[in-house]
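Inspection log for the structure reproduced underneath, given as structure tokens.
The values are calculated or read from the model by the stated rules, or taken from the named source; none is laboratory data. Keep in mind it's a predicted model, so treat the numbers as computed, not measured. Cβ atoms come from the backbone with ideal geometry, glycine included; neighbour counts cover every protein chain shown.
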Amino acid sequence: MDQEKTNLIFTIRNKLIIIFLLASILPFIILGYTTYKKGESILREKIFNQLSSIADSKEKKIRTWFIERFNDTEMIAHNRFMEISLSKLLLIKKDYEHRGFPPEIYYGRLSKYTESEEYSNIVSFLNMTMSQFGVFSEIFILDTTGHVVLSTDVKRLNEDESSNDYFKIPILQKEVYIKDVYYSDRLKQPIITFSDVIYDYGGEEHGVVNGVVVAKVKVNEILEPLVEDASGMGETGEEILVNKDNISLLNLKDFKDSALKYKLPEETPSTLAIAGKNGITEGIDYRKRHVLAAYRYIPDLDWGLVVKMDIDEAYAPINKLFKIIIIFTAIGISFILFFISQVSRRVTAPLIEMKSIAREISHGNYQKGNDYKLKRTDEIGGLAHSIREMSINLNKKQSEVENYKQKLESRLNEISEKNLNLEKTYQELYKTKNYLEKIIDHSKDIIITTDINGNIVEFNPEAEEKLGFRKDMIIGKPASILYENPDERKQIMEFVNKFGAVRNKEVRLLSKTGDVHHVSLTISQLKNDSGEIDGTIGISKDISEERMLQYKLIQSEKMAGIGTLASGIAHEINNPLAGILGMAEAILDENDHIRINSYAKDIVHYTLEATAIVKELLTYSRQTQNESISTIDMAVILENSVKMAKHSADFSLITIIADMKRGCWINANAGEMQQVFINLIINATHAMEEKGGKLILSCYKTNDSINAVVTDTGIGIKKEHLKQIYNPFFTTKPVGKGTGLGLYVVYKIVTKYHGHIDLISEEGKGTSFVITLPIAEGIAAIQENGSEGKDVAYMVDDADNSQINLFT
């Protein structure tokens with residue numbers, strides 16, 4: 001049904017109507033459109049010229065008006081009569097002040113004295129000036145202190161105006177000052193103020209400032225009528241005057257009482273004007289309506305002027321013309337449509353009949369076509385004859401088609417059977433392909449295939465994750481870019497081409513970020529069904545972590561070896577051996593048995609001292625863990641750890657400050673706790689080895705815990721290292737200076753005994769480790785028996801290494 005409706009719409013008759021209609025009315029449309037656009041352009045240009053002319057005229061009037069007021073103010077200030085009269089009046093005022101009269105007395109009695117003639121003359125001059133110019137609403141004179149000494153409004157006498165710009169600026173600039181439009185609380189309306197200095201020459205060439213004349217103008221009475229004359233601008237015409245802040249200086253046409261109260265939106269043309277630009281534009285005004293506007297910048301006052309009118313009113317004549325064009329065009333189209341309809345009907349009627357015959361033929365009624373005749377000699381008659389011949393030929397061909405149809409059906413059955421077999425084969429191949437892709441995608445090994453030229457073809461997700469390259473970015477790139485040494489790839493391929501494969505070869509691959517991955521690579525050739533080489537497939541197992549652990553273990557073993565070597569350093573027992581040697585030599589030369597006995601005792605003493613040193617060093621080296629857990633005093637352990645650490649570290653530039661409270665009992669292995677403090681003390685000395693410093697040790701107890709603090713004033717720990725310091729093998733020291741296991745061992749021992757470590761470090765200032773462990777069970781019994789011992793406090797100075805007991 002929809003198809004039939006479409007066919008009815010797009011009949012030949014309708015197409016002929018549309019073609020002839022377009023050919024006929026198109027010139028009308030083009031002519032009408034051209035006329036409209038031309039008229040619009042002329043009218044727009046005319047309106048713009050008119051608005052520009054009005055804007056130029058208003059700008060000129062405003063600037064002329066302000067120049068006149070400028071000159072008026074200057075004339076009043078520089079009038080010789082004004083200068084002389086003001087000087088006399090100020091002398092009278094000064095005399096009153098000298099005699100001690102307050103200003104109120106002076107202004108109150110001024111008219112009663114003979115001097116009032118000066119006052120009367122100058123006030124008359126000011127009133128006459130106001131009357132003559134007809135623009136000023138008030139004129140008054142300020143003395144050099146800013147007080148009103150003369151005014152057309154006697155109520156202003158003696159008012160203090162010293163804080164106003166119209167007093168201060170003219171005195172500073174020595175020229176006429178114009179104060180922009182502002183709202184006067186006194187006059188209850190917007191005003192503009194002009195002011196200039198009055199000089200007292202006193203017979204000298206250069207006068208001195210004697211006062212300031214101030215003249216005020218009411219904007220609504222003078223400037224507003226000058227600007228708001230909208231003649232020649234239609235009903236919607238309006239002129240807007242704004243200051244530098246885009247605030248309207250006058251009342252807007254649609255916003256009453258808006259002077260100095262309404263700031264125009266930024267999208268209005270006034271924004272262009274106060275930006276120092278002149279021109280014409282189409283835009284939006286403060287009413288959100290489309291307008292044509294001319295805008296001008298008035299530099300003397302930093303103002304903007306806009307002359308505007310609504311676009312609807314401006315384009316009203318051309319819109320009327322457009323309606324007339326539409327009406328005449330519609331009438332013309334109607335006449336043309338009627339004429340074309342009649343012509344097309346004569347052309348299409350035979351065609352409609354032939355369409356019906358053709359439909360009958362299409363349904364197999366060839367006899368209908370065989371009998372069809374049309375008595376016309378034109379092209380349509382020829383078409384009718386051709387339809388008749390076509391019907392006869394189709395009737396003959398129909399039987400041939402039936403024969404071919406039977407043969408075709410037989411052939412199609414054969415093809416259908418083959419297609420079913422192909423479909424089954426395709427499904428099997430598709431499943432195999434998906435299975436292989438899943439194996440590659442889910443493998444935790446890096447799988448990369450290349451073509452015959454060594455360019456990457458496949459790059460599995462594990463390869464993307466490990467090496468950092470996206471598959472779509474790496475495909476087609478040479479595989480050699482993944483090798484740390486590209487020559488290694490070349491050597492591997494030479495071996496593969498010779499022997500067909502390489503198995504479990506350790507290579508170093510580079511990630512996108514430059515990280516090196518150690519992998520075990522197995523690579524072999526890919527061959528097609530013909531046995532030709534298509535490329536290679538490489539499977540790599542990442543062994544980077546294994547290699548890194550091996551490296552760290554090697555470093556640890558090296559450091560342990562160095563530590564073991566350090567435990568046998570000869571200079572630690574050099575002094576006792578020297579004493580033994582000396583005493584032995586003395587015995588050889590001595591016959592006195594008493595002295596020999598004394599020398600022998602010294603030998604025993606030095607031997608025991610050397611034995612103690614060796615035992616201490618071996619204890620630290622072996623990190624003894626075989627001793628049983630017992631109740632020990634952590635203060636004693638810390639004190640002994642200092643003594644033992646002196647055999648392994650340089651304390652020459654370090655001052656030791658100790659405050660250890662005895663009776664800090666804990667349940668732990670003494671050897672392990674000594675290992676904790678030795679590691680912390682040695683680390684502290686390393687932090688101060690360049691500049692020296694203080695090693696501060698303290699031990700104290702709280703209600704339920706024992707605390708030991710090891711503080712140094714060394715270089716501190718960097719912030720980025722604070723979270724890693726307890727990791728095994730983490731060290732910032734160069735090889736040979738540490739294993740990276742010290743703090744790890746400290747952490748493990750402390751947590752083993754249910755304790756914790758608090759770390760406070762500031763880079764460049766030092767580090768404090770606070771070890772907190774639970775107080776030993778049964779400690780109350782020990783305290784009652786008085787077995788806590790004595791507190792120890794001392795300081796070892798780095799100069800002479802002498803120990804000073806602070807208290808015991």
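Please enumerate the residues belonging to region 78-120 that are modelled with pLDDT of 75 or more, farther than 19 Å from T144 by Cβ and surrounded by 15 or more Cβ atoms within 10 Å (Cβ to Cβ). Once the filter is applied, which keeps residues that are modelled with pLDDT of 75 or more, farther than 19 Å from T144 by Cβ and surrounded by 15 or more Cβ atoms within 10 Å (Cβ to Cβ), region 78-120 yields nothing. Of the residues making up region 313-325, those that are touching a residue at least 40 places away in the same chain (Cβ under 8 Å) and part of a helix (DSSP H, G or I) number 7.
Within region 432-491, if we keep just the residues that are of a type in the set (V, I, T) and assigned to a helix (DSSP H, G or I), the residue that is farthest from the chain's Cα centre (by Cα) turns out to be T432.
Taking only region 492-507 into account, find how many residues are outside any loop (DSSP other than H, G, I, E, B) and loosely packed, with under 15 Cβ neighbours inside 10 Å. Please lay out each step first, then the result.
In the first step, residues of region 492-507 are kept if they are outside any loop (DSSP other than H, G, I, E, B); the result is 492-499, 501-507.
After this cut, where a residue has to be loosely packed, with under 15 Cβ neighbours inside 10 Å as well, the list is 494-495, 497-499, 501, 503-504, 506.
Qualifying residue count, region 492-507: 9.
Yes or no: region 481-490 includes at least one residue that is within 18 Å of V516 (Cα to Cα), in the same structural domain as H518 (by TED's automatic domain parsing) and of a type in the set (S, T, N, Q). Checked region 481-490: at least one residue is within 18 Å of V516 (Cα to Cα), in the same structural domain as H518 (by TED's automatic domain parsing) and of a type in the set (S, T, N, Q). One residue alone among L292, L264, L250 is under 17 Å from S52 (Cβ atoms), surrounded by 15 or more Cβ atoms within 10 Å (Cβ to Cβ) and either modelled with pLDDT of 85 or more or in contact with a helix residue (DSSP H, G or I) (Cβ under 6 Å, 6 or more places away or on another chain) (or both), and that residue is L292. Pairs meeting the criteria (first residue in region 82-97 and more than 18 Å from Y201 (Cβ to Cβ), second residue at pLDDT 75 or above, beta carbons under 8 Å, at least 6 apart or on different chains) are K93/D143; K93/V149.
Return the total of residues in region 688-707 being among the aliphatic types (A, V, I, L, M) and under 12 Å from L638 (Cα atoms). I'd like the intermediate steps shown before the answer.
So in region 688-707, the residues among the aliphatic types (A, V, I, L, M) come out as 688, 695-697, 706.
From the residues that got through so far, the ones that are under 12 Å from L638 (Cα atoms) too are 696-697.
Residues in region 688-707 being among the aliphatic types (A, V, I, L, M) and under 12 Å from L638 (Cα atoms): 2 in total.
Considering only residues that are aromatic (F, W, Y) and under 24 Å from F48 (Cβ atoms), look in region 312-353 and name the one that is modelled with the highest pLDDT.
Y315
For first residues located in region 253-276 and within 11 Å of R287 (Cα to Cα) and free of Cβ contacts under 8 Å to residues at least 60 places away in the same chain, partners that are of a type in the set (D, E, K, R) and loosely packed, with under 12 Cβ neighbours inside 10 Å and lie 6+ apart or on another chain with Cβ distances below 8 Å do not occur. Checking each residue in region 512-529 for being in a strand (DSSP E or B) and either under 22 Å from N453 (Cα atoms) or of a type in the set (F, W, Y) (or both) picks out L521, T522, I523, S524, Q525, L526, K527. Among the residues of region 622-645, those identified as at pLDDT 80 or above and under 55 Å from the mean Cα position of the chain (by Cα) are M634, L638, S641, V642. Checking D196 against (1) crowded, with 20+ Cβ neighbours inside 10 Å; (2) modelled with pLDDT under 90; (3) of a type in the set (D, E, K, R), only one condition comes out false. Which one? All conditions pass for D196, except number (2).
Could you tell me which of the residues F140, F167 is part of a strand (DSSP E or B) and modelled with pLDDT of 85 or more?
The conditions single out F140.
Taking residues in region 582-594 that are modelled with pLDDT of 80 or more, and partners anywhere that are surrounded by fewer than 14 Cβ atoms within 10 Å (Cβ to Cβ), not one pair has Cβ atoms closer than 6 Å while being at least 6 places apart or on different chains.
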